[in-house]
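Note sheet for the following structure.
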Amino acid sequence: MTDFNKVVNRRGTGSLKWDVAENELPMWVADMDFPTAPCVTEAVLRKAKSGVFGYQIVPDEWYSAIINWWRTRHNLTIERDWLCFTTGVVPAITSSVKRLTNIGDNVVVLTPVYDIFFHSIENTGRHTLECPLAYDGARYSIDFSDLELKLSHENSTLLILCNPHNPVGKVWSKQELAAVGELCLKHGVTVLSDEIHCDLTEPGTHYVPFASVSATCRDISVTAISASKAFSIAGLQSAAVFVANEHLRNIVVRGLNSDEVAEPNAFACEATIAAFNQGGQWLDELREYISQNRKIVGEYLTNNLPQLKLIAQDATYLLWVDCSAVTDDSEALCDFIREQTGLYLNCGTKYRGNGRFFIRLNVACPKKTLLDGLKRLKVGIENYIKSK
């Protein structure tokens, strides 16, 4: 059994997450505070000990590791020819947006959603067309009437889907994904599905790959995947896209190569191969630990901060907390909490949609760190209320 309670000191290590003041506690960016699976560390060390870090190919083992993982864990058959290495899901998304759309096109997104989608769209001269998710005070769902309206716009050519959905932690059902696929086919819209959080579901909960739902979904989609979130290896810059449709695949692969984001560094493939070939048990233990942390937060809020409401989630380690009873400006709230307590959170505003009523809390950390964060959150919220 892995000891996820062990606290690793990441200060002074060049960590983006931990590049903060000494008194601050970062619980923001999607970066876990756990060491990766031992099998991944061992693979990287073996490579490091060779002392040779020249240009790398993508080995056969990389393809087979991904194919086997998706077949056994997610019941999806991926053919080798569908796969292309890329240095990250975000580079893949940006490159695909540039190749699958034209300047001035609309790219539809379901908001609130991962904010980098907006950068990939707008920095390349395209327009974000928001389809806000319906929120009933407890869960989110897709407003299919509004989605069809947005997809039917003459300039809409691409939908970026987040599956599972960050930040709301939603695992979309087969029926929901099928409906998305049929609407996109009807209106001639390609689907770019970001499935980077797919391995971080609640124990007993399984995500549905968009491409597995139907022949329609398979043929109109590009899927971006990676071991980086589940195995805490984002810094090794290793991801993949798979595209069943040959025409779409040729466009996407040409774009990835033109943008120079289709070649691995010395450790990228080795880490992914080890994670998917040997990391299954470690990952299951991690998912259980994160689930326990999620429960701790829920109980703590109920007993100590009833003004806040934890949204029910089936995936990710990024908790979405409704603070609408306290404020309609989560950015100001997060700034206040950080100034008062040192707790560094994500404000929901950046994710658009109804995000101004929410904060995002990263619970991929040892319980000692989590409890420290919750105590700071309590002080920050109470002081914020008193200041009003």
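Taken together, the values in this text are just the output of simple stated rules run on the coordinates, not laboratory data. As the structure is a prediction and not an experimental result, all values here were calculated from the model. Here Cβ is always computed from backbone atoms with ideal geometry, including for glycine, and neighbour counts include all displayed protein chains.
Bridgeable lysines around residue 295 (alpha carbons under 21 Å apart, same-chain partners fewer than 8 residues away excluded): 6, 170, 229, 309, 367, 368, 375, 378. For a straight C-alpha distance cut-off of 23 angstrom, the lysines reachable from residue 98 (same-chain residues fewer than eight places away being disregarded) are 150, 186, 350.
Within the straight-line cut-off of under 20 Å between alpha carbons, the aspartates and glutamates reachable from residue 386 are 322, 328, 329, 331, 335, 339, sequence neighbours fewer than 8 places apart in one chain being disregarded. Can you say what percent of the DSSP beta bridges in region 147-279, counting only those with both residues inside, are antiparallel? Round to 5. Taking every DSSP beta bridge with both residues in region 147-279, the antiparallel ones total about 30 percent.
Close amide H partners of residue 157, meaning residues 5 or more places away or on another chain with modelled amide H under 5 Å apart, are 106, 108. Charged side chains reduced to their Cβ positions (Lys and Arg at +1, Asp and Glu at -1) give the chain a dipole of some 660 debye around its Cα centre.
Since only 369, 56, 166 are under comparison, the one whose Cα sits farthest along the positive direction of the charge dipole of the chain, derived from C-beta charges on Lys, Arg, Asp and Glu, is 369.
Quick one: plug the Kirkwood hydrodynamic radius of region 76-163 (C-alpha pairs) into Stokes-Einstein at 25 °C, 0.890 mPa s, and report D in µm²/s.
173 µm²/s
Sorting the Cα pairs of region 1-52 by distance into bins of 5 Å, from 0 upward, gives 4, 16, 20, 19, 19, 13, 7, 2, 0 percent per bin. If you take every residue apart from residue 355 with its C-beta less than 12 Å away from the C-beta of residue 355, what net charge results, scoring Lys and Arg +1 and Asp and Glu -1? My count for the surroundings of residue 355 gives -2. Of all DSSP bridge pairs formed entirely within region 1-143, close to 25 percent run antiparallel.
Positive-end ranking of 188, 177, 200 along the dipole of region 170-222, with charges on Cβ about the Cα centre, is headed by 188.
The Cβ shell under 14 Å around residue 327 holds other residues with a net charge of -2, Lys and Arg each +1, Asp and Glu each -1. Working from Cα pairs under 8 Å separated by at least six residues, relative contact order for region 263-338 is 17 percent.
Distances between placed amide hydrogens fall under 5 Å for residue 343 paired with 25, all partners being 5 or more residues away or on another chain. Between 47, 350, 98, find the one with the highest GNM mean-square fluctuation for the chain; connect C-alpha pairs within less than 10 Å. Comparing 47, 350, 98 in a Gaussian network model of the chain, the most mobile one is 47. Here region 209-277 and region 73-110 have alpha carbon centers that stand 8 Å from each other.
Is it possible to state the helix-based mean residue ellipticity at 222 nm for the chain, with each DSSP H run of 4+ residues giving -39500 (n - 2.57), the sum divided by total residues, to the nearest 500 deg cm²/dmol? What is it?
On the way: 13 runs with 159 residues, N = 388.
So the helix-based figure for the chain works out to -13000 deg cm²/dmol.
Classify region 69-223 from the C-alpha gyration tensor, please: rounded if a/c falls under 1.5, else prolate or oblate depending on whether a/b exceeds b/c. Cα axes put region 69-223 in the rounded bin. Under a 5 Å amide H cut-off, with hydrogens placed 1.01 Å from N, residue 315 pairs with 202 among residues at least 5 apart or on other chains.
Using R0 = 35 Å, the C-beta based FRET efficiency linking residue 375 and residue 136 works out to 0.70. Residue by residue, region 200-207 carries 3J(HN,Hα) couplings of 10, 8, 4, x, x, 9, 10, 7 Hz when phi is fed to the Karplus relation 6.51 cos²θ - 1.76 cosθ + 1.60 (θ = phi - 60°); x denotes Gly or Pro. Taking a sphere under 15 Å around the Cβ of residue 263 and counting the other residues whose Cβ falls inside, with K and R at +1 and D and E at -1, yields a net charge of -2. Taking a quarter of the surface of the Cα convex hull of region 236-388 gives a mean projected area of 12.3 nm².
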